[in-house]
1. Report whether or not Ser175 is in contact (Cβ under 8 Å) with a residue 60 or more places away in the chain and on the phi < 0 side of the Ramachandran plot.
2. Within the range 139-156, how many residues are closer than 18 Å to Leu206 by Cα and either outside any helix (DSSP H, G or I) or not β-branched (Val, Ile, Thr) (or both)?
3. Name every residue in the range 205-264 that is acidic (Asp, Glu), assigned to a helix (DSSP H, G or I) and touching a residue at least 60 places away in the same chain (Cβ under 8 Å), in order of residue number.
4. Considering the range 162-187 alone, what residues qualify as being part of a helix (DSSP H, G or I), out of contact with any helix residue (DSSP H, G or I) (no Cβ under 8 Å at 6 or more places or on another chain) and open to solvent by less than 70 Å² (accessible area, probe 1.4 Å)?
5. Quick check, is Lys200 closer than 24 Å to Met126 by Cβ and among the charged types (D, E, K, R)?
6. Can you find a residue in the range 195-215 that is touching a strand residue (DSSP E or B) at 6+ places or on another chain (Cβ under 6 Å) and surrounded by 17 or more Cβ atoms within 10 Å (Cβ to Cβ)?
7. For the range 163-193, enumerate the residues that are charged (D, E, K, R) and closer than 16 Å to Ala120 by Cβ.
8. Count, please, the residues in the range 54-91 that happen to be over 25 Å from Lys231 (Cβ atoms), open to solvent by 10 Å² or more (accessible area, probe 1.4 Å), touching a residue at least 24 places away in the same chain (Cβ under 8 Å) and not in a loop (DSSP other than H, G, I, E, B).
Amino acid sequence: MHHVSVNDHVVREALQSRDDPRYAELHVESRTSARKMTSKKVVELFYDVVSPYSWLGFEVMCRYRPVWNIELKLRPAFLGGVMHGSGNKPPGVIPNKFMYMTKDLHRLSEYFDVPLQNPADPFEAMFEKGSLSAMRFVTAVQAREKDGDQQVERVSRELWRRIWMEDKDITEPASLSEAAMKAGLSDSEVKEVLELYNSKEIKDKLKSSTQKALDHGAFGFPLVVCHVNGKPEVFFGSDRFELMAHCIGEKWLGPQPSRSAAKL
């Protein structure tokens with residue numbers, strides 16, 4: 001004999017009433033649970049914290065991690081190496097592109113709900129100071145993190161906030177330490193990362209990740225690689241999510257899926 005629990009009745013009642021505040025949460029949760037029977041598609045996100053468009057792509061992919069049936073793998077890499085290896089020129093060195101990018105980022109910040117603000121001197125921040133030290137630091141955080149990638153996610157976000165919201169340095173050890181502390185790393189963990197991030201091991205890891213991005217045809221970041229039926233589907237930029245969703249058999253619910261689900 002089949003027994004229906006009180007919780008079953010609560011779930012059924014909530015799902016039948018779209019006005020119920022529990023609807024959005026249960027709708028997304030039920031869709032996610034139903035797909036757990038199928039294997040998750042591996043999605044790799046190659047990024048650099050010097051890239052504001054990477055921040056947009058990063059936040060969107062992190063928001064969709066519990067919504068889409070994917071296994072998101074964060075791949076910190078060095079944008080400077082990708083630009084050099086691909087022969088590409090950054091938009092900041094072409095005046096018209098730079099002017100467009102400044103306006104574009106303001107619009108995108110509002111649309112994606114990511115607190116982007118241009119540094120006082122974007123050229124200095126992006127091209128003179130760069131991000132090599134920062135990306136080695138993020139790579140070191142990832143190398144020592146054994147269970148998941150919560151630390152590398154939080155540290156990456158704090159570094160983006162420093163350069164693209166607070167107009168602060170991301171090159172000096174003290175700056176990197178401050179970002180890591182804000183991200184929740186302990187004093188001892190920060191000390192370990194500082195001892196590690198300039199080692200040959202970490203330099204080689206960052207070079208390897210950058211080369212993998214180039215091997216996928218990268219010419220800039222963010223680069224998202226979706227592995228579908230044994231074949232990599234590559235997407236550049238932060239404006240290809242709807243097409244990406246189509247290719248992996250998912251639904252694009254806008255830049256903030258939890259809010260979109262609440263409107264269904």
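1. Against the criterion (in contact (Cβ under 8 Å) with a residue 60 or more places away in the chain and on the phi < 0 side of the Ramachandran plot), Ser175 does not qualify.
2. Kept after step one, since they are closer than 18 Å to Leu206 by Cα, are these residues of the range 139-156: 139-146, 149, 151-153, 155-156.
Within this subset, residues satisfying the condition of being either outside any helix (DSSP H, G or I) or not β-branched (Val, Ile, Thr) (or both) are 140, 142-146, 149, 151, 153, 156.
Here the count works out to 10.
3. Selection gives nothing.
4. Correct list: empty.
5. When the stated conditions are applied, Lys200 does not pass them.
6. Within the range 195-215 (the criterion being touching a strand residue (DSSP E or B) at 6+ places or on another chain (Cβ under 6 Å) and surrounded by 17 or more Cβ atoms within 10 Å (Cβ to Cβ)), the answer is yes, since at least one residue qualifies.
7. First, pick out the residues of the range 163-193 that are charged (D, E, K, R): 166-169, 172, 178, 182, 187, 189, 191-192.
Correct list: Glu166, Asp167, Lys168, Asp169.
8. 6
The values are calculated or read from the model by the stated rules, or taken from the named source; none is laboratory data. Treat the numbers as computed from the prediction; the structure is a model and nothing was measured. So basically every Cβ, Gly included, is an ideal-geometry build from the backbone, and we count neighbours across all protein chains shown. Accessible surface areas use protein heavy atoms only, side chains included; no ligands, DNA or RNA. Shrake-Rupley method; radii C 1.70, N 1.55, O 1.52, S 1.80 Å.
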